1. Please go through segment B:530-550 and give me each residue that is within 14 Å of another protein chain (Cβ to nearest Cβ) and either touching an Asp or Glu at 6+ places or on another chain (Cβ under 6 Å) or open to solvent by 10 Å² or more (accessible area, probe 1.4 Å) (or both), ordered by number.
2. Kindly establish whether B:K527 is in a loop (DSSP other than H, G, I, E, B), within 14 Å of another protein chain (Cβ to nearest Cβ) and open to solvent by 70 Å² or more (accessible area, probe 1.4 Å).
3. I'd like to check something: does segment B:569-589 contain any residue that is small (G, A, S) and under 27 Å from the mean Cα position of the chain (by Cα)?
4. Please return the ranges of strands (runs of 3 or more DSSP E) entirely within segment B:430-481 where 1 or more residues are crowded, with 20+ Cβ neighbours inside 10 Å and of a type in the set (D, E).
5. Which condition number does B:H95 fail, the rest of (1) in contact with a strand residue (DSSP E or B) (Cβ under 7 Å, 6 or more places away or on another chain); (2) surrounded by fewer than 21 Cβ atoms within 10 Å (Cβ to Cβ) being met?
6. Do any residues in segment B:615-641 that are within 14 Å of chain A (Cβ to nearest Cβ) have Cβ atoms under 6 Å from those of residues that are open to solvent by 90 Å² or more (accessible area, probe 1.4 Å) and among the small types (G, A, S), where the two are at least six apart or on different chains, and which pairs are they?
7. Can you tell me which residues in segment B:433-469 are hydroxyl-bearing (S, T, Y) and over 22 Å from B:I330 (Cα atoms)?
8. Among the residues of segment B:65-76, count how many are outside any strand (DSSP E or B) and either acidic (D, E) or closer than 21 Å to B:V122 by Cα (or both).
Amino acid sequence: MKAYQKILMIVASLSLGLLFVFPMWKIYLKAPQYPEGLELHIWVNKLGGSSEGVLQNFNILNHYIGMKPIHAESFAELQFMPYIVIAFMVTGVLVGLLGKRKLVLGWTGLLMTAGAAGILDFYLWLVNFGTNLDPMAAIKVPGMTYIPPLLGNKQLLNFEALSLPALGSLVIFMAITIAGLSYFFSLRNQTIDAVHKNRKVVA
Amino acid sequence: MAVAAGTMLQGCSKTEGGASGSSEAVSSDAAQAVYVAPGKHDELYSFLSGGFNGQVSVYGLPSGRLLKIIPVFSQFPENGYGYSEESKAMLMTSHGFVPWDDLHHPKLSRTDGQTDGRWLFVNGNNTPRVARIDLKTFETVEVMELPNSAGNHCSPYPTNNNEYVIAGTRFSVPLDMKGGTGDVSLDKYEEEFRGSISFIKVDPEKGDMDLDFQILVPGFDYDLANGGKGPSEDWVFFTTYNSEKAGTLKEVGASQNDRDYLAAVNWKLAAKYAKEGKAREMPANYYHNKMDENSHVAKSTVKKKVRYLLPEECPGMMYLLPAPKSPHGIDVDPSGEYMVVSGKLASAIPVFSFAKMQDAIKNKQFDGEKNGIPVLKYESVLKGEVKEPGLGPLHTEFDGKGNAYTSMFVSSEIVKWKLNDLQVVDRMPVYYSVGHLMIPGGDTKEPHGKYLVAMNKITKDRYLPTGPELAHSAQLIDISGEKMKMLLDFPTVAEPHYAQAIVASKVAPNSTKFYKLDENKHPHAVKKEAEVSVTRESKNRVRVKMTAIRSHMTPDNIEGIQVGDTVYFHVTNLEQDWDVPHGFAVMGANNAETLIMPGATQTLKWVAKKAGVFPFYCTDFCSALHQEMQGYIRVSPKGSNVPIKFSTGKKKQNIPGVASTK
């Protein structure tokens with residue numbers, strides 16, 4: 001691999017560090033009583049919101065329908081995901097340094113799988129929280145579940161919920177793209193090399 | 001819309017049969033001019049003093065919407081101010097607990113002679129006090145009693161950068177020079193009675209007040225005050241009446257002299273004299289009450305000393321300017337050059353010139369002296385008089401465009417006149433007996449100049465009758481054009497004396513939405529439901545540390561209380577959301593409820609008087625299950641063996657709640 005391709009690969013892996021700077025997903029809730037809206041921000045290592053009290057306010061509202069309280073401590077993922085990200089960063093840098101094309105492809109594939117697994121995990125949590133309701137809940141609407149949308153919007157009683165990937169997701173997408181480019185460019189190296197070889201043969 | 005409103009207003013005046021003709025002056029586009037659509041915000045905050053209710057009411061302008069009532073010197077059952085254990089100290093004075101006062105003048109804090117939207121200072125006239133309201137929370141955060149004062153009326157006037165808030169006494173009294181008044185024969189008014197002017201220092205960052213020194217002044221009645229600006233910014237002016245020094249039947253006794261005085265005090269020089277050791281010290285006894293911003297607990301400090309200056313020992317600090325008969329308002333124009341004195345019994349309004357006053361002082365154009373204070377010659381300081389302005393001029397404010405507006409109490413009108421030639425250019429009837437008038441920023445260097453609010457003492461036929469007592473009224477007048485236009489009137493809470501207004505953008509963005517639970521330093525706060533407790537602290541005292549959140553209280557079942565116990569309910573509101581206070585009330589409480597802001601802790605004291613079960617509940621509608629936000633306290637006979645026990649819900653029965661009965 002050429003130097004710039006190696007650098008691309010290293011940039012791709014280091015850019016994952018931005019996951020500690022930006023949230024991956026945002027769920028927006030809006031209701032008449034919350035004209036300013038409530039935002040839940042899902043990070044790779046924590047849960048947050050548009051303001052400090054947001055998580056508590058989510059839980060206060062959710063408790064009427066018997067949804068379990070959302071706490072960072074209840075998600076083991078938030079404990080180990082940072083290590084996975086760090087692992088990707090370290091291995092990515094190594095792959096970049098080694099400059100082996102196949103390793104780049106493998107790394108990119110793994111990152112795509114991890115991303116997909118993350119989205120699936122997220123969806124399963126949404127289903128779990130939205131359906132696994134306390135039978136003693138104060139508000140019970142027959143047949144109603146409260147699975148927030150994975151992507152897009154949905155009316156949940158008085159709340160309009162909107163779920164969108166945030167900058168963090170874009171970071172993963174970007175890392176995959178850059179690593180992919182690194183691989184793609186290195187493919188061209190091979191073709192060019194091959195052309196050179198062929199020329200030699202012909203000569 | 002305008003046409004419809006116009007028709008309606010016309011219709012109204014017809015049905016009134018012209019008894020007063022009081023709708024005539026309403027401009028046809030008035031409804032549009034004051035219409036603030038649902039969900040839209042007003043352009044200005046206005047703060048109207050409530051007079052004898054001891055409160056400040058906050059109205060939006062131009063709509064006249066009542067936004068909030070802020071209790072200052074009065075107990076307020078709505079939120080427990082003055083009833084809760086935390087806030088009681090705010091109303092402590094050297095006379096004991098005084099849960100009422102006569103609140104006259106709100107004044108906004110200033111930066112460079114303009115309102116800055118940080119604090120509002122107000123005075124208590126009856127039991128002399130000055131208070132500070134924080135405009136981040138719209139709560140009273142400090143109340144200071146003033147020694148050697150009796151009737152704190154010409155108060156509280158902030159200098160152009162809040163260096164001082166200045167407060168003068170209305171009533172002179174025989175000072176015993178030990179922090180009280182002497183046991184003096186009332187015949188001896190002339191010889192023995194004195195007044196005082198207090199200089200309260202204001203911390204530039206936090207706003208905390210501190211009484212720096214006082215000036216002991218001759219025994220007149222000091223009525224109103226106003227600070228200078230620009231060239232006159234080192235000065236503050238006070239109107240006085242009763243230069244006759246009458247001690248009885250003042251309505252006659254104090255109305256004999258054709259001229260009383262405007263007292264001019266160089267506050268910068270006074271501060272310098274005080275700093276340089278001219279100040280003497282005397283014993284005092286006054287309360288200074290402060291609300292801690294993190295614990296929300298008020299504490300009283302009793303101050304035992306006060307420093308004072310005597311004008312006769314401080315040359316150049318104070319002068320008297322003769323002013324026609326019983327002056328009331330003194331108002332300095334935005335340039336700081338003109339001092340308008342409204343003689344409420346005089347037929348003309350004198351306008352003094354600051355430049356002329358300086359010359360008169362330099363050239364010693366004196367007309368004798370009073371108690372060692374030089375009296376300047378009337379003609380030497382006079383710019384001119386506004387002739388035949390109306391009857392009973394009281395107060396003047398300015399629009400910043402060279403116009404002055406004076407309220408006429410007797411002839412019930414606002415009169416507009418020009419500062420340069422002192423000619424009257426417009427009049428507008430008001431309903432009725434107008435006292436103060438206010439132009440937003442009208443007492444500062446840069447008036448807003450769009451509206452004027454007239455504060456009327458009597459409303460008679462303005463609103464639907466409500467028995468013998470009628471609301472007072474504030475009237476909003478458009479002063480943006482040549483002619484004044486009546487736009488709106490709205491009833492006010494108690495008697496508004498004065499008001500201040502400020503553009504909303506200087507205040508609204510800084511509003512606190514809730515208190516951070518993490519920063520709650522209340523000694524009995526509990527920040528988690530798991531930490532609540534019920535503890536018997538002594539033979540007759542039980543302390544309950546509980547929490548409130550939508551829509552339950554923890555604990556909500558309390559047992560083991562005995563007849564005769566004093567129970568302190570310390571309720572912490574765990575919410576971290578705007579506009580979600582929780583109320584707390586117990587059946588039979590002899591004080592009030594308490595309203596707990598999100599993140600704060602408040603305490604309600606309750607005495608168990610008889611055996612039985614007593615409910616407590618949340619009073620401020622908080623959520624769909626607000627009605628269910630309730631609990632019970634069981635009271636057993638004295639000496640019974642019911643142990644202290646508390647819980648919320650069956651699952652939480654294992655809350656470690658053991659606190660033994662002694």
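1. Scanning segment B:530-550 gives B:A530, B:T547, B:I549, B:R550.
2. It is true that B:K527 is in a loop (DSSP other than H, G, I, E, B), within 14 Å of another protein chain (Cβ to nearest Cβ) and open to solvent by 70 Å² or more (accessible area, probe 1.4 Å).
3. We begin by selecting, within segment B:569-589, every residue small (G, A, S); these are B:583, B:585, B:588-589.
Filter again for under 27 Å from the mean Cα position of the chain (by Cα), leaving B:583.
Within segment B:569-589, one or more residues are small (G, A, S) and under 27 Å from the mean Cα position of the chain (by Cα).
4. B:472-478
5. (1)
6. Going by the 6 Å Cβ cut-off, there are no qualifying pairs.
7. Correct list: B:T459, B:Y463, B:T466.
8. The qualifying residues number 4.
The values are calculated or read from the model by the stated rules, or taken from the named source; none is laboratory data. Predicted, not measured: the structure shown is a model, and the values here were computed from it. Cβ atoms come from the backbone with ideal geometry, glycine included; neighbour counts cover every protein chain shown. Keep in mind that these areas ignore ligands, DNA and RNA; they rest on the heavy atoms of the full protein, side chains included. Shrake-Rupley method; radii C 1.70, N 1.55, O 1.52, S 1.80 Å.
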